[in-house]
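Take a look at the structure below.
The values are calculated or read from the model by the stated rules, or taken from the named source; none is laboratory data. None of the values given here were measured: they were computed from a predicted structure. Cβ placement follows ideal geometry from the backbone for every residue including glycine, while neighbour counts extend to all protein chains displayed.
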Amino acid sequence: MEAAKVYTQDGTVDLQGRPVLASKTGRWKACSFLLGYEAFERMAFYGIASNLVIYLTTRLHEDTISSVRNVNNWSGAVWITPIAGAYIADSYIGRFWTFTASSLIYVLDGNVSENLLSIQGISK
């Protein structure tokens, strides 16, 4: 009976499908990573959200009503994507791969967008 308590009791498995040792999962290592990730993600979201209307009106020359509508659509899409991610994770590829894939997309999108904007700034 004691051997069974060595493993997690919630059905958690590793990438090879084996039961996970309770002493090797979670704890402060995982917590610090998630807290750091969330802190940077929130800073990026609120940094973009606070400047997006100004960017759309000054750099892209949209009228105020269109830019506010676009920012609201963007904000709605940002808040609804976790539901889509949860569906994908629960139905198809699991929490780890969903988190890994979405983080990769997030980082690549940020790098590509930044590089395109810097190239556009150089060409002007």
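Residues being at pLDDT below 85 and touching a Phe, Trp or Tyr at 6+ places or on another chain (Cβ under 7 Å): count how many of those fall in the stretch 66-122.
Residues that pass the stated criteria total 0.
For the subset of the stretch 1-48 comprising residues that are of a type in the set (A, V, I, L, M, F, W, C) and in contact with a Phe, Trp or Tyr (Cβ under 8 Å, 6 or more places away or on another chain), which member is nearest to TYR106 (Cα to Cα)?
Going residue by residue through the stretch 1-48, those that are of a type in the set (A, V, I, L, M, F, W, C) are 1, 3-4, 6, 13, 15, 20-22, 28, 30-31, 33-35, 39-40, 43-45, 48.
With in contact with a Phe, Trp or Tyr (Cβ under 8 Å, 6 or more places away or on another chain) added as a condition, the list becomes 15, 20-22.
Details: LEU15: 23, VAL20: 29, LEU21: 31, ALA22: 31 Å.
In this case the residue turns out to be LEU15.
Please work out which residue is farthest from the chain's Cα centre (by Cα), limiting yourself to the stretch 8-47 and to residues that are in a helix (DSSP H, G or I) and of a type in the set (D, E, K, R). Explain how you work it out, then say what you get.
Step one: list which residues in the stretch 8-47 are in a helix (DSSP H, G or I), which gives 22-24, 27-47.
Within this subset, residues satisfying the condition of being of a type in the set (D, E, K, R) are 24, 27, 29, 38, 41-42.
Details: LYS24: 25, ARG27: 21, LYS29: 19, GLU38: 8, GLU41: 7, ARG42: 10 Å.
Ranking the candidates gives LYS24 first.
Identify all residues within the stretch 52-63 that are in a helix (DSSP H, G or I) and exposed (fewer than 12 other Cβ atoms within 10 Å of the Cβ); write none if there are none.
The initial filter retains those residues of the stretch 52-63 that are in a helix (DSSP H, G or I), namely 52-58.
Listed by number, the residues that qualify are ILE54, THR58.
Using beta carbons and a limit of 6 Å, which pairs, at least six apart or on different chains, have the first residue in the stretch 78-97 and among the charged types (D, E, K, R) and the second one surrounded by 12 or more Cβ atoms within 10 Å (Cβ to Cβ)?
Final answer for the pair search is ARG95/ALA89.
For the stretch 64-74, indicate whether the set of residues that are under 27 Å from GLY17 (Cβ atoms) and assigned to a helix (DSSP H, G or I) is non-empty. Break it down stepwise before answering.
Taking the stretch 64-74 first, the residues under 27 Å from GLY17 (Cβ atoms) are none.
Within the stretch 64-74, not a single residue is under 27 Å from GLY17 (Cβ atoms) and assigned to a helix (DSSP H, G or I).
If a residue has to be of a type in the set (Ser, Thr, Tyr) and closer than 19 Å to GLY110 by Cα to count, how many in the stretch 49-89 make the cut?
Let us first name the residues in the stretch 49-89 that are of a type in the set (Ser, Thr, Tyr), namely 50, 55, 57-58, 64, 66-67, 75, 81, 87.
With the extra rule that they be closer than 19 Å to GLY110 by Cα, the set shrinks to 50, 55, 75, 81.
Selection size over the stretch 49-89: 4.
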